[in-house]
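So the structure is just underneath, and the comments pick up after that.
The values are calculated or read from the model by the stated rules, or taken from the named source; none is laboratory data. Please read all numbers here as calculations on a predicted model, not as lab measurements. For neighbour counting, all protein chains shown are included, and Cβ atoms are generated from backbone atoms with ideal geometry for every residue, glycine included. Note: accessible area is taken over every heavy atom of the protein model, side chains too, but ligands, DNA and RNA are not part of it. Shrake-Rupley method; radii C 1.70, N 1.55, O 1.52, S 1.80 Å.
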Amino acid sequence: MNKERYLLLLSTAMLLVGFAAILSTSLADYTDWSYSGDKGPEHWGALAPEFALCADGTAQSPIDIRNASEVDLVDIAFQYGQTAKNIFNNGHTIQVNVDEGSQIVYNEISYKLLQFHFHSPSEHTINGEAAAMEIHFVHQDPNSGALAVVGILLAAGDEENGAYAPIFDNMPSEIGEPAAVGEALDLEALLPAEFAYFTYQGSLTTPPCSEIVRWLLLDAPVLLSQSQIDAFADLYADNARPTLPLGKRDLLLDSR
Ligand SMILES: [Zn+2]
């Protein structure tokens, strides 16, 4: 086998490993990892050969957002529809797998929305401060396999957020397979009103930490009630990977 072919196969295999991790319904058959103890984030890279980037990568996520360069960025065009609520507890978070048909268009590339899930507290921090929670909308370019993840910070407000209620009222406490619950979910209603964003090139924030993610972190938070935030924390009080160095990467903020 020549070297080019080997490298192509290797990179395809790494993408598949990343993709399997993104969509997997249960990670029980996958190398076990956690957010604390001897399988916690500082040990992920040593748990399995395919997790090496978690320790050795130079473009890892999340990061602390600070000193971003303000530039004119292209808009993120959200083309979100409705989805059946295929909500489940995968052992690391609460995840919703979405029906086909929702996507973002970014830099003239269509990234299909695959799933979204939650972290508590937020994984990205702003000037060292974490928000109560962070939601990740995971999109993929079917042609290249590259991911674009939209991150939104969730903070406590005075009222229950009705758009999120169908999810937060139905979070399974037991690990299990996706199951459609209740009526369809309006995905667009989950977004904030403003789409200004920070962006940088990074990784999955869970093993195998594949460095295939264009991160789009919205500047505007979404507000949930404290009891909604507490309902998630009852299941996952700390499922956030600590921040990693930005290193030589560009961190940009939409200046408009
Ligand atoms: Zn995530």
Estimated translational D of the chain in µm²/s (Stokes, Kirkwood radius over Cα pairs; 25 °C; 0.890 mPa s)
131 µm²/s
Any idea what the dipole of the chain comes to, in debye rounded to 20, about its Cα centre with Lys/Arg Cβ at +1 and Asp/Glu Cβ at -1?
900 debye
Compute the accessible area per residue over the chain, keeping the other protein chains in place, probe 1.4 Å, unit Å².
47 Å²
Mean residue ellipticity at 222 nm from the helices of the chain, using -39,500 (n - 2.57) per DSSP H segment of n ≥ 4 over the full residue count, to the nearest 500 deg cm²/dmol?
-4500 deg cm²/dmol
Rank N90, Q79, S61 by how far each Cα sits towards the positive end of the charge dipole of the range 60-112 (+1 on Lys, Arg Cβ; -1 on Asp, Glu Cβ) and give me just the farthest.
N90
Just grab the label-to-label distance for V74 and E160, each label 7 Å out from Cα along the Cβ direction, in nm (one decimal).
4.1 nm
On the accessible surface of the range 85-136, probed at 1.4 Å, how many percent belong to carbon and sulfur atoms?
42 percent
Residues of the range 229-256 with amide N under 16 Å of a point placed 7 Å along Cα→Cβ from A220
254-256
If you count the DSSP beta bridges with both ends in the range 3-254, what percent of them are antiparallel, to the nearest 5?
75 percent
